[in-house]
Amino acid sequence: SSFGFGWPVANPVIGTQYGVSGSYWSSGHHTGIDFRASSGTPVYAVGDGQVVDCGHNKAYGYFVEIYHGNNIYSFYAHGSSVIVSTGTYVSKGQQIMYSGATGNVTGAHLHFEIRTDSGSNKYAIDPAPYLFTEKES
């Protein structure tokens, strides 16, 4: 993309787009893009940055959040396991976790967000401009 970000999974296939409304999401709309990924699929950092949070919670299951500078954070959720730790510096394309079906899900996939601040999906914005070039979107 023009932001220099790569894909969080190899051979990306999009399931649910950003902004789709529905009662399944606590915010009332989908706060990221879901990529189809069977459990155990490698998940990669979309860009260079520092892991600012990772772990497990009820909603997102296993997750990783990376700060890329300029108030841009990438967030990856529903993993089966995390292979980085908070404070770690990662490179674009480095594996950070394995996809899974943990947290509030109906099946295995990768939930991906771009956020303008850390710690909450209330800071989530449409990730498409960060992943696609003009020709792809």
Please identify, among Tyr44, Tyr89, Tyr62, the residue showing maximal mean-square fluctuation in a Gaussian network model of the chain using a 10 angstrom Cα cutoff. Tyr89
Accessible surface, per residue, of the stretch 66-137 when the full set of protein chains is kept, probe 1.4 Å, Å²: 47
Against the rule of thumb 2.2 N^0.38 Å, how large the Cα Rg of the stretch 46-86 comes out: 1.11
How many angstrom lie between the C-alpha centres of the stretch 24-90 and the stretch 5-22? 13
Share of accessible surface on carbon and sulfur in the stretch 18-131, whole %, 1.4 Å probe and ligands ignored, is 48
Which value results for Rg/Rh of the stretch 58-137 when Rg is the Cα radius of gyration and Rh the Kirkwood radius based on the inverse mean 1/r? 0.96
Once you keep just the Cα pairs under 8 angstrom separated by 6 or more residues, what percentage relative contact order results for the chain? 28
Cα point-scatterer Debye curve for the chain, base-10 log of I(q)/I(0) at q = 0.09, 0.13 Å⁻¹: -0.21, -0.46
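The values are calculated or read from the model by the stated rules, or taken from the named source; none is laboratory data. Here the structure is a predicted model, which is why all the values come from computation and not from measurement. The area values use the complete protein model at the heavy-atom level, side chains included, leaving out ligands, DNA and RNA. Shrake-Rupley method; radii C 1.70, N 1.55, O 1.52, S 1.80 Å.
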